[in-house]
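The values are calculated or read from the model by the stated rules, or taken from the named source; none is laboratory data. Not measured: the values here are computed from a predicted model. Backbone-built Cβ (ideal geometry, glycine too); neighbour counts: all protein chains shown. Keep in mind that these areas ignore ligands, DNA and RNA; they rest on the heavy atoms of the full protein, side chains included. Shrake-Rupley method; radii C 1.70, N 1.55, O 1.52, S 1.80 Å.
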Amino acid sequence: MCQCFPQFDSQDPAINVLRHKIRHGEEVDNPSLVLIWFSMELAFMGACKHAAWSLHVAEYRLLLDTLADDILEGHWRLWCLDNIYKPLSALSRLVDTDVQKLELEKLFYELRVTSQFFKAGLAH
């Protein structure tokens, strides 16, 4: 089992285990896993705004990738969709530049497109 998540600056082994479980839906009946993961990520995050930005983008990406993985249980993917607002909200508070604003708008657009596809898949 590869526990390397290159999109994250921190490669703490315990956090990587949680990332892996979330991304691969290994505990689909344990929704608190996502909340524990957020808490652990925040505990290891430094005070640097750039590091915080990178962390929240990586969190968003992991949740979006999980949401888009149609092999995983639908309720797990929906749980990830329900929680993807957390890193997006954190990013909204961190926006300092026009480049960041544009990047955030792209993330929201990507989420809209992906979530519409996901919702369409549930209807079938």
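Quick notes
- Residue ID - modelled with the highest pLDDT, chosen from residues in the stretch 9-50 that are open to solvent by 60 Å² or more (accessible area, probe 1.4 Å) and small (Gly, Ala, Ser): 39
- Restricting the stretch 84-120 to residues that are touching a helix residue (DSSP H, G or I) at 6+ places or on another chain (Cβ under 8 Å) and not in a helix (DSSP H, G or I), the residue that is surrounded by the fewest Cβ atoms within 10 Å (Cβ to Cβ) is 96.
- Residues (of a type in the set (Asp, Glu) and in contact (Cβ under 8 Å) with a residue 24 or more places away in the chain) located in the stretch 1-59: 9, 12, 41, 59
- Only one of the numbered conditions (1) open to solvent by 20 Å² or more (accessible area, probe 1.4 Å); (2) within 13 Å of the chain's Cα centre (by Cα) is not met by residue 62, and that is (1).
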